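The values are calculated or read from the model by the stated rules, or taken from the named source; none is laboratory data. Note that this is a predicted model, so its numbers are computed, not measured. No Cβ is skipped: glycine too gets one built from the backbone with ideal geometry, and neighbour counts run over all protein chains shown.
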Amino acid sequence: MARLGSDRRPGSTSASHQAQATTALAPAPHGLAERVVVIASGVRQPIVAILILISFFTVLSGKPLDGLLLVTVAMALAWDAGMNSRQAAAKALAVPAAQSGSPAEAHAAPPVAWRLRSRPPRLRLVAVGSAAAVVYALTFGSFTRYSWPATAGVVGLGASVVVVGWGGPTRQRQIPAKFTRIGALTWGTLFVGASLWELTALLMQPNIETSSYAHPTISTLTDPLLASAPGRFIALLGWIALGAYLAER
Amino acid sequence: MNSHDVTVTGFLVLLAALVGTEIAGRTGRAPVPTFSHVMTRIMRTRTGRVGMLVAWAWLGLHFFAK
């Protein structure tokens, strides 16, 4: 396992030297065509491709604003990934691999914007965070779905967590080694299978905006739960818990 | 068994497979990583980290926002 997210901060000597060297090695893209090439190389990242697919179906299902937000983040990520690949390639050409590490490692460890914790959060912080999550879920769960207050609450929290995530991890963590083929295949099959099953149900609806009893999507199946305030409270708590779990990765 | 039941059964089978894979990964009975390891591995890069967090934010938007 490789340990990522050491105490290195953007202002530290090693990080700034590395950034200067990388910037000096990688020429900035000139012209629209070169910028498109940078973005296109980033779009090859599976996560970026998945986000673009989600945004496509979000627009089709009648939520153009959500789709626009997703595709904006996807393009920003594609640009970031494309520039990282470009810098890693330039660095690999200029510096012997034995001294600088592989391009993949340089790509895998972007500078971290936060002071990294070495331990799990303190119990008092967990208690305060849990209480805040309950207050949040009670407050925004009391509003009906698709209302402006509910939208503001979800957009505010979601955007904040994404911004924090852009700055890198908030704690030191062990990065698992590359998985065995069977391990990657098992999880990949499950994720792709679940996505295809949901997509099939979606496409079997009378149209993409009308739900179907005969071919229910996950959204249709959860409608009864989310119709009541207690149901929305539980769902929002689950959503926050999942976000906290991901933010700790 | 009608098409509604088939669709719901499909989701339940997938859920059971996810739970089964997680249990197999945690107990070491099969050479598969745990869900936690998969997420940590995916989120080691900025692209993976932000991508997963945006997917999470989208879930909230999808179910609650206009």
statement: Per the filter on the range B:9-52, residues more than 7 Å from chain A (Cβ to nearest Cβ) and among the β-branched types (Val, Ile, Thr) are B:Thr9, B:Val13, B:Val19, B:Ile23, B:Thr27, B:Thr34, B:Ile42
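Every residue, every condition in (1) under 16 Å from the mean Cα position of the chain (by Cα); (2) free of Cβ contacts under 8 Å to residues at least 12 places away in the same chain, yes or no:
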{"position": "A:Val161", "(1), (2)": "yes, no"}
{"position": "A:Pro169", "(1), (2)": "yes, no"}
{"position": "A:Thr180", "(1), (2)": "no, yes"}
{"position": "A:Leu190", "(1), (2)": "no, yes"}
{"position": "A:Asn207", "(1), (2)": "no, yes"}
{"position": "A:Arg232", "(1), (2)": "no, no"}
{"position": "A:Ile240", "(1), (2)": "yes, no"}
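So that you can scan it fast, the table gives a plain yes or no per residue for (1) in contact with a Phe, Trp or Tyr (Cβ under 7 Å, 6 or more places away or on another chain); (2) at the interface with chain B (Cβ under 7 Å from one of its Cβ atoms); (3) under 20 Å from B:Gly10 (Cβ atoms):
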{"position": "A:Ser160", "(1), (2), (3)": "no, no, no"}
{"position": "A:Lys178", "(1), (2), (3)": "no, no, no"}
{"position": "A:Leu199", "(1), (2), (3)": "no, no, yes"}
{"position": "A:His215", "(1), (2), (3)": "no, yes, yes"}
{"position": "A:Thr220", "(1), (2), (3)": "no, no, yes"}
{"position": "A:Ser228", "(1), (2), (3)": "no, no, no"}
message: Please verify whether A:Thr220 is in a helix (DSSP H, G or I), surrounded by 13 or more Cβ atoms within 10 Å (Cβ to Cβ) and assigned by TED's automatic domain parsing to the domain that holds A:Gly129, treating the condition exactly as stated.
response: yes
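How do the helices (runs of 4 or more DSSP H) wholly within chain B filter down when requiring 3 or more residues that are farther than 26 Å from A:Leu225 by Cβ and not small (Gly, Ala, Ser): which remain?
Hits in chain B: B:35-42, B:46-64.
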